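Here's the structure we're looking at; comments come further down.
The values are calculated or read from the model by the stated rules, or taken from the named source; none is laboratory data. Here the structure is a predicted model, which is why all the values come from computation and not from measurement. Methodologically, a virtual Cβ is constructed for each residue, glycine included, from the backbone with ideal geometry; neighbour enumeration extends over all protein chains shown.
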Amino acid sequence: MIYKRILWLLAISCVLVLTFMLYSSFVLTMKKQRLFNAFEMVQTRNAYLDQSTTGRLFEKHMTVNLTEVIEYFMKFKGGKDIYTRVMHADIFIYSVIGLNNSEIKNESTAPWSNFGLIAWKHSQVPDTNMSCCFLYDNGIVLNSKLRKSSTYIKAKIQSFRFECVNPNQLLKPKGVTLIVKNYPCTSDISTYVAPVFPYRPPGNNTIALCAKVAFGNLNAALTVEWLEYNKNMGVDKIAVFVSNLSSTTSGIFQHYQKLGFLEVHPFDLPMLGTINRKLGQKSGQGWSDEQIPVYDCMDRLAGYSIVGVVDFDEFIFPLQDKDFKQFVNRLRKTYPDVSLFTFFVDVYVMDWGKTNDNETLMITQFKNRTRTMQDRVKNILIPEWIETGSVSTHNAAPRKGHRRMWIPKTLAVLKHFRSCRSEWGNRCHDITHFPRFTDDSLVKRLIETKTDTNVSLYNHILKVKKDLKLIS
């Protein structure tokens, strides 16, 4: 009798353990699926849906934290990295983006006729004997020649932007890759990168910004102030590439992604074992790695009327216009032959100390700036009038018939909040070299600018920071 009871207890225990294991497996599978769905939505859907639709999709699908989504992508998605290695060569493709092909005469203007491939390439890999492979839903694989390429060459691991022409423009490819040394194209889907088809907003006065790479512990207060300033001054979309973000910054980005205002793209570096490096490194290699997001941005945001490459501590400041839309209209009407507009810079040196400790907003705590100067300048540009693949952080090449122009200081400047540059040394604190000018124009603009709810932008930013629990 006792033995029967023991057997019954063992049987029941086994059933309970098995049930628990099945349930745990089911929960893990469902979480992986939610993470996968969330990542797919984050990575692709917000690239081609309008902002309101993106917001609804985010509400419906994003039931997990942004950091979890990125960690999932790194750990679970078939063991695949953020980049895809080309067969037989140290070339790592980061993204493939469908291009608007209106610049090419006598060719189809379908969004899948041309593709930009953004990739790292080891400098020892020859630039010759490379071509493109296209994989289609029906299993067909076709080869195509490279149309052109652009590169940042001053590094061991070079950044490249390749351009491939779809050999069958009646078919939409499911994957694109490169091959070298006349190797044949393969049907192995793991070697291909699924293309992104960016959303192209209607209208001829749309504005997008590329914030390049965000990593580690960004200044949360300044980041929110920058995002809110741009959002309420007329920017339609911002793209940012992220790596190892703090939980605070991830939460901030998730908020703006939910609104459809911010595109967040996971980012990491390949071949770390080949050359020891890190994001933000001030060297030829660091600048080459930084060029990958710039190449990606320019293709991804090419459907916008105006695109700029700016950092989270740089504020575009029109002096004669209430917002960016009016400012851009003024530029285009006054200078119809200009495709590249370059800002002079006011540097608010934070090492000089705060001018008002009682201010809650970070950008209103510092009112001392340098003279207006040419310092690590930034640009806004008209994509259709810029040579494809020529845009870098500080420069670009206008197409024939167009030119670059320095924006008059009376029209706009770039307000840059930063510490002393290392190359300035002790001169940074010497007023004979760096005289200080008290300038509260940005504070006044925040107070004068009204949001859609008729609240000053200053008070609106305070409320957002409270909602995000950055201030009490």
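Could you check, for region 321-332, whether at least one of its residues is crowded, with 22+ Cβ neighbours inside 10 Å and touching a helix residue (DSSP H, G or I) at 6+ places or on another chain (Cβ under 7 Å)? The answer is yes; a qualifying residue exists. Whenever a residue of region 154-175 is touching a residue at least 24 places away in the same chain (Cβ under 8 Å), its partners that are outside any loop (DSSP other than H, G, I, E, B) and among the acidic types (D, E), lying with C-beta atoms within less than 8 angstrom and at least six residues away or across chains, give the pairs A155/D289; I157/D289; S159/D289; R161/D299. Among the criteria (1) closer than 20 Å to V310 by Cβ; (2) among the hydrophobic types (A, V, I, L, M, F, W, C); (3) out of contact with any Leu (no Cβ under 9 Å at 6 or more places or on another chain), the one I431 does not fulfil is (1). Condition first: in a helix (DSSP H, G or I) and either in the same structural domain as K333 (by TED's automatic domain parsing) or surrounded by fewer than 16 Cβ atoms within 10 Å (Cβ to Cβ) (or both). Can you find one or more residues in region 384-406 that meet it? Yes, region 384-406 contains at least one residue that is in a helix (DSSP H, G or I) and either in the same structural domain as K333 (by TED's automatic domain parsing) or surrounded by fewer than 16 Cβ atoms within 10 Å (Cβ to Cβ) (or both).
Rundown of residues vs (1) surrounded by 21 or more Cβ atoms within 10 Å (Cβ to Cβ); (2) among the aromatic types (F, W, Y), yes/no style:
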| site | (1), (2) |
| --- | --- |
| D236 | yes, no |
| N244 | no, no |
| T248 | no, no |
| Y295 | yes, yes |
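Residue-level check: of (1) in contact with a His (Cβ under 7 Å, 6 or more places away or on another chain); (2) part of a loop (DSSP other than H, G, I, E, B), R427 misses just (2).
Just wondering, is there one or more residues in region 173-185 that are of a type in the set (K, R) and either in the same structural domain as S305 (by TED's automatic domain parsing) or in a helix (DSSP H, G or I) (or both)?
Applying the first criterion (of a type in the set (K, R)) to region 173-185 yields 174, 181.
From the residues that got through so far, the ones that are either in the same structural domain as S305 (by TED's automatic domain parsing) or in a helix (DSSP H, G or I) (or both) too are none.
For region 173-185, residues of a type in the set (K, R) and either in the same structural domain as S305 (by TED's automatic domain parsing) or in a helix (DSSP H, G or I) (or both): absent.
Exactly one residue out of R427, R421, R399, R403 is without any contact (Cβ under 8 Å) to a residue 40 or more places away in the chain and either closer than 30 Å to V338 by Cβ or in contact with a helix residue (DSSP H, G or I) (Cβ under 9 Å, 6 or more places away or on another chain) (or both), and it is R421. K415 - would you say it is basic (K, R), within 30 Å of P293 (Cβ to Cβ), touching an Asp or Glu at 6+ places or on another chain (Cβ under 9 Å) and assigned to a helix (DSSP H, G or I)? The answer is no for K415. Restricted to region 336-371, and to residues there that are under 30 Å from G401 (Cα atoms) and hydroxyl-bearing (S, T, Y), the residue that is surrounded by the fewest Cβ atoms within 10 Å (Cβ to Cβ) is T342. Just one of the numbered conditions (1) closer than 30 Å to G116 by Cα; (2) part of a strand (DSSP E or B); (3) out of contact with any Gly (no Cβ under 8 Å at 6 or more places or on another chain); (4) of a type in the set (A, V, I, L, M) is not true of V377: (2).
I need the full set of residues from region 430-459 which are part of a helix (DSSP H, G or I) and among the small types (G, A, S), in order please. Passing the criteria: only S441.
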